[in-house]
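So the structure is just underneath, and the comments pick up after that.
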Ligand SMILES: NC(=O)c1ccc[n+]([C@@H]2O[C@H](COP(=O)([O-])OP(=O)(O)OC[C@H]3O[C@@H](n4cnc5c(N)ncnc54)[C@H](O)[C@@H]3O)[C@@H](O)[C@H]2O)c1
C-alpha cells in the first residue's frame with residue numbers, strides 16, 4: 001500500500017469525492033481539488049463532502065492518504081496523474097458543455113507550463129461529447145502549457161459507469177473499465193491503477209480517445225432504449241387480460257443476448273445521466289449526418305410514459321378539480337435525494353396542470369423537492385401521512401420502505417393505489433381498495 005503514481009482528482013462532487021476516496025483507500029496518495037471551500041474542508045476533516053453510501057467508510061480507510069486543496073498548482077506539483085471530474089451540464093442543443101473542463105484545464109496546464117516536470121497524465125472522467133478531448137481539450141493544454149502531447153504529457157478519456165446510491169460499489173466492481181488513451185502507454189498506466197483499485201477482474205477496454213468517447217454515450221443510450229422497450233411492454237400488458245410484465249421481462253432477460261438488467265417495465269428513466277446522455281447521442285449522430293432514430297424514439301417514449309400515468313390517475317380521482325393525490329417517491333430512484341428529471345417531478349407537474357392537489361413524500365428527497373416546488377404542493381412526513389390526506393396514492397419508486405404499506409395505512413374508503421413497480425400484493429387489500437399495478441391488466445382500469 002502507498003506505492004504507485006500519486007494522483008490528483010479535480011472536482012470533489014458526487015462522483016469525484018467517491019473516486020478520490022476509493023483511490024486513497026486502495027493505497028494511492030491522492031490530492032483532491034475543488035473550487036468549493038466546504039468540500040475541500042470536509043475532506044481535510046476526514047468527512048464525506050456529499051451523501052453517498054460507503055463514502056465515509058472509504059475516507060476512513062484512506063488513513064491520511066487523502067487530502068484536498070483549492071490550489072491547482074500544488075496538486076500538479078505533488079501528483080503524476082490528474083483526474084478531471086467536474087460538471088459537464090447539457091446545452092440546449094443536446095451537447096455537453098465543456099466550460100468547467102476548460103476552466104480547470106487552463107489552471108492545470110498553466111501549472112504544467114511553470115513546473116519543472118518531465119511528464120504528466122490528464123484523465124478526463126467527466127462525460128463529454130465525442131470529439132471534445134482531441135478537438136478542444138488537448139489543443140488547450142498544449143497552447144496554455146507550451147508542452148507537447150505524448151512527449152511532455154499524455155491524455156486519457158476514462159469515464160465511469162456508476163449509479164448514484166451505489167457509486168462506491170460500482171466503482172470497485174465494474175463490468176468493464178473504459179480507457180481511451182493518447183498513446184498505448186497512457187492506457188497501460190491507467191490499467192495498472194484500476195487493477196489495484198478494482199475488487200473484481202473487469203475487462204480493461206483500451207482504445208483510442210474518440211472510440212472511448214463514443215462508447216461512453218452509446219452504452220447509456222442503449223440502456224435507455226432497453227428501459228423504454230420494457231416500459232412499452234408494460235403499457236401493452238395493461239391492456240391485455242392475463243398478461244404480466246414481470247413474467248415476460250424475467251423470461252426475456254434470461255436470454256443472454258438480452259440480460260435482465262434495466263428491463264423491468266415501470267416509469268420513465270431520469271437522473272443526471274441517462275436522459276441527457278441519450279439526447280447527446282442523438283445530437284452527436286446528427287452532427288455527423290446520421291439520424292439516431294432509436295435514441296430519439298427512446299426519449300419520446302420516456303416523456304410520454306408519465307403522461308399515460310397522469311391519464312390513468314385522472315380516471316380515478318373523485319372530482320376533476322381539487323382532489324388530493326399522494327405521490328410517494330420523489331427522487332429518480334430510491335436511496336438518493338436527486339430529483340433531476342425524475343418521473344415523480346414530471347408526474348407532479350402534470351397533476352398540477354390538471355388542477356389537482358398533491359401531497360408528496362420521499363424518505364430522503366423531500367427537501368430537494370421542496371426547493372423545487374416550494375408551496376405549490378404539500379409535503380407529508382411519512383407514507384402513512386400521505387394516505388391520511390389522499391384518496392389516490394401513487395408509488396413512483398421501488399423504495400423498500402413502501403413494501404410495508406398494508407391495510408392499516410388506508411384512511412379513506414375508497415382509496416386507489418397506483419403501484420408503478422408492483423411492490424405490493426394487491427390481493428391483501430380488502431374491499432374499498434382499488435389496487436392498480438402498472439404493467440398488469442387491472443380489469444381494464
Ligand atoms: N453523478 C453521476 O451519476 C455521474 C455518473 C457518470 C458520470 N458523471 C459525470 O461526472 C462528471 C461530474 O459529475 P458529478 O455528478 O460528480 O458532479 P457534481 O456537480 O456533483 O460535482 C462536480 C464538482 O466539481 C467542482 N468544480 C466545478 N468546476 C470546478 C473547477 N474548475 N475546478 C475544480 N472543481 C470544480 C464543483 O464544485 C463540484 O464539487 C459529469 O461530467 C457527469 O456527467 C456523473
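Values quoted throughout were computed directly from the atomic coordinates according to the rules given, and no laboratory measurement underlies them. For clarity, every value in this text was computed on a predicted model and none was experimentally measured. With ideal geometry, Cβ positions are generated from the backbone for all residues, glycine too; neighbour counts draw on all protein chains shown.
Running a GNM on the chain with Cα contacts under 10 Å, which residue among 261, 120, 316 ends up with the highest mean-square fluctuation?
With Cα springs under 10 Å in the chain, the top fluctuation among 261, 120, 316 is at 261.
Please label the shape of segment 271-320 as rounded, prolate or oblate, based on the square roots a ≥ b ≥ c of the eigenvalues of the alpha-carbon gyration tensor (a/c under 1.5 means rounded; beyond that, a/b larger than b/c means prolate, else oblate).
prolate
Hey, what's the Cα Rg ratio for the chain versus the globular rule of thumb, 2.2 N^0.38 Å? Before the final figure, lay out the partial values.
On the way: Rg = 24.0 Å, N = 445, 2.2 N^0.38 = 22.3 Å.
Normalised by 2.2 N^0.38 Å, the Cα Rg of the chain equals 1.08.
How high is the relative contact order of the chain, given as a whole-number percent (alpha carbon pairs under 8 Å, six or more residues apart)?
Relative contact order of the chain: 11 percent.
Calculate the length of the line joining the C-alpha centroid of segment 244-305 to that of segment 148-177, in whole Å.
Measuring centre to centre over Cα atoms gives 23 Å.
Compute the relative contact order of segment 1-82 as a whole-number percentage, counting only Cα pairs closer than 8 Å that sit 6 or more residues apart in sequence.
39
How high is the FRET efficiency between residue 307 and residue 169 when r is their beta carbon distance and R₀ equals 45 Å, given to the nearest 0.05? List each step's numbers first, then the result.
Values: r = 34 Å, r/R0 = 0.76.
After rounding, the FRET efficiency stands at 0.85.
Could you rank the peptides 123-130, 420-427 by their average count of other C-beta atoms within 10 Å per residue, with the highest value first?
Highest to lowest by the protection proxy: 123-130, 420-427.
Based on the Cα atoms of segment 29-170, what semi-axes does the equivalent ellipsoid have, where each is the square root of 5 times one gyration tensor eigenvalue, given in whole Å with the largest first?
Semi-axes (√(5λ), whole Å): 26, 20, 13.
Students often check this: by mean Cβ neighbours within 10 Å, which of 358-365, 166-173, 215-222 ranks highest, and how do the rest follow?
Averaged packing, sorted descending, gives the order 358-365, 215-222, 166-173.
How do the peptides 6-16, 55-65 rank, highest first, by the average count of neighbouring beta carbon atoms within 10 Å per residue?
Working: 6-16: 24.6, 55-65: 17.3.
The most tightly packed comes first, giving 6-16, 55-65.
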